[in-house]
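A.B. asks: Have a look at this one.
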């Protein structure tokens, strides 16, 4: 597939819960977005901004009130067979996916999705082991019960169960929530490994700004049921005050640089990671020497 061609497009997407009742609520309204192969996108926004509703439309778990979701140019709701097939190509990992583990062994849990796709035999085993490799689960753990594993290992097994379906698009809702620093870093590297190897589009919902700043090439900010910002991390975090007004945090280094600028120090506004901050400071120092 041409990497410049969107794999998923959202056109004028609106979803209204409990329409026509006293409990009517517009969760998302008139959203236009596109996602391309190989992109690693961070989706951020305060609670209630519409993030979860949006991602559940991308693989057909929710049907639009109006508008369209296109997968490779085709409306995912064109017929039931196509809708079902899209759910295998657009994998969605919910928050705390380890709570959905239920099989006797890790192998069986990871195999559940591709098995339902009709994969069997050697190909099924290969997919399980390939997915386990992506998330750092060794062969020695595959025959163990997932309930005997650590929290971080359980999370990786749950993610592997979606990766085993080899989706073209991988969507993760708060994939590092509740993990310690080591577990968080491991899961993020697992996600990047899959994205690189498969050239998959990855969409990651997160409240952890340091994480999305460090690994995402694009950020989408949602607010009041719509898209407030869409750009590179530098383009988004330069609006740190606006993000704060939306109820969002920003990377600590971004806040430090903003406070220094407010005290009259000439520093850039688009800093969002420590390495980037150090590079900009070094450039400033060299400029002074010259």
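A.B. asks: Can you find a residue that is under 18 Å from residue 54 (Cα atoms), at pLDDT below 90 and either assigned to a helix (DSSP H, G or I) or touching a strand residue (DSSP E or B) at 6+ places or on another chain (Cβ under 6 Å) (or both) anywhere in segment 95-110? Before you say what the answer is, go through the steps one by one.
C.D. replies: Filtering segment 95-110 for residues under 18 Å from residue 54 (Cα atoms) gives 95.
Within this subset, residues satisfying the condition of being at pLDDT below 90 are 95.
Narrowing further to those that are either assigned to a helix (DSSP H, G or I) or touching a strand residue (DSSP E or B) at 6+ places or on another chain (Cβ under 6 Å) (or both): 95.
Within segment 95-110, one or more residues are under 18 Å from residue 54 (Cα atoms), at pLDDT below 90 and either assigned to a helix (DSSP H, G or I) or touching a strand residue (DSSP E or B) at 6+ places or on another chain (Cβ under 6 Å) (or both).
A.B. asks: On to the next question. Among the numbered criteria (1) touching a helix residue (DSSP H, G or I) at 6+ places or on another chain (Cβ under 6 Å); (2) within 23 Å of residue 163 (Cα to Cα), which single criterion is violated by residue 15?
C.D. replies: (2)
A.B. asks: Only residues in segment 233-245 that are at positive phi and in contact (Cβ under 8 Å) with a residue 24 or more places away in the chain count as the first member; pair them with residues that are surrounded by 22 or more Cβ atoms within 10 Å (Cβ to Cβ) and in a helix (DSSP H, G or I), Cβ under 9 angstrom, at least 6 apart or cross-chain, and list the lot.
C.D. replies: none
A.B. asks: Something else: Could you check segment 133-158 and list, in sequence order, the residues that are more than 16 Å from residue 191 (Cα to Cα), modelled with pLDDT of 90 or more and not in a loop (DSSP other than H, G, I, E, B)? Step through it out loud before you land on a result.
C.D. replies: At the first step, the residues of segment 133-158 found to be more than 16 Å from residue 191 (Cα to Cα) are 138-151.
Imposing the further condition that a residue be modelled with pLDDT of 90 or more reduces the set to 138-149.
The answer is 139, 140, 141, 142, 146, 147, 148.
A.B. asks: Inside segment 39-88, can you point out the residues that are within 22 Å of residue 191 (Cα to Cα), in a loop (DSSP other than H, G, I, E, B) and modelled with pLDDT of 95 or more?
C.D. replies: Once the filter is applied, which keeps residues that are within 22 Å of residue 191 (Cα to Cα), in a loop (DSSP other than H, G, I, E, B) and modelled with pLDDT of 95 or more, segment 39-88 yields only 39.
A.B. asks: Still on this structure: Given the options 60, 88, 48, name the one that is farther than 30 Å from residue 131 by Cα and either surrounded by 15 or more Cβ atoms within 10 Å (Cβ to Cβ) or touching a helix residue (DSSP H, G or I) at 6+ places or on another chain (Cβ under 6 Å) (or both). Before the answer, list the steps.
C.D. replies: Numbers: 60 fails: farther than 30 Å from residue 131 by Cα; 88 fails: farther than 30 Å from residue 131 by Cα.
After ruling out the rest, the residue left standing is 48.
A.B. asks: Does residue 176 satisfy the condition of being part of a loop (DSSP other than H, G, I, E, B) and either surrounded by fewer than 21 Cβ atoms within 10 Å (Cβ to Cβ) or at negative phi (or both)?
C.D. replies: Values: part of a loop (DSSP other than H, G, I, E, B): yes; either surrounded by fewer than 21 Cβ atoms within 10 Å (Cβ to Cβ) or at negative phi (or both): yes.
Spelling it out, residue 176 is indeed part of a loop (DSSP other than H, G, I, E, B) and either surrounded by fewer than 21 Cβ atoms within 10 Å (Cβ to Cβ) or at negative phi (or both).
Each row is one residue, and each column tells you yes or no for (1) over 19 Å from residue 173 (Cα atoms); (2) touching a residue at least 12 places away in the same chain (Cβ under 8 Å); (3) surrounded by fewer than 20 Cβ atoms within 10 Å (Cβ to Cβ).
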{"site": "10", "(1), (2), (3)": "no, yes, no"}
{"site": "14", "(1), (2), (3)": "yes, yes, yes"}
{"site": "21", "(1), (2), (3)": "yes, no, yes"}
{"site": "25", "(1), (2), (3)": "yes, no, yes"}
{"site": "28", "(1), (2), (3)": "no, yes, no"}
{"site": "42", "(1), (2), (3)": "no, yes, no"}
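A.B. asks: Is it the case that residue 197 is farther than 26 Å from residue 46 by Cα and buried (at least 24 other Cβ atoms within 10 Å of the Cβ)? Before you say what the answer is, go through the steps one by one.
C.D. replies: Working: farther than 26 Å from residue 46 by Cα: yes; buried (at least 24 other Cβ atoms within 10 Å of the Cβ): no.
It is false that residue 197 is farther than 26 Å from residue 46 by Cα and buried (at least 24 other Cβ atoms within 10 Å of the Cβ).
A.B. asks: Which residue pairs have Cβ atoms closer than 8 Å, lie 6 or more positions apart in sequence or on different chains, and pair a first residue in segment 179-190 that is assigned to a loop (DSSP other than H, G, I, E, B) with a second residue that is surrounded by 12 or more Cβ atoms within 10 Å (Cβ to Cβ)?
C.D. replies: 179/151; 179/152; 179/155; 179/187; 180/152
A.B. asks: Taking segment 110-153, which residues are more than 22 Å from the chain's Cα centre (by Cα), farther than 12 Å from residue 165 by Cα and in contact (Cβ under 8 Å) with a residue 40 or more places away in the chain?
C.D. replies: Residues satisfying the conditions are 145, 146, 147, 149.
A.B. asks: Considering only residues that are crowded, with 20+ Cβ neighbours inside 10 Å and in a loop (DSSP other than H, G, I, E, B), which ones fall in segment 203-237?
C.D. replies: 206, 216, 225
The values are calculated or read from the model by the stated rules, or taken from the named source; none is laboratory data. On a predicted model such as this, the values are computed, not experimentally measured, just so you know. No Cβ is skipped: glycine too gets one built from the backbone with ideal geometry, and neighbour counts run over all protein chains shown.
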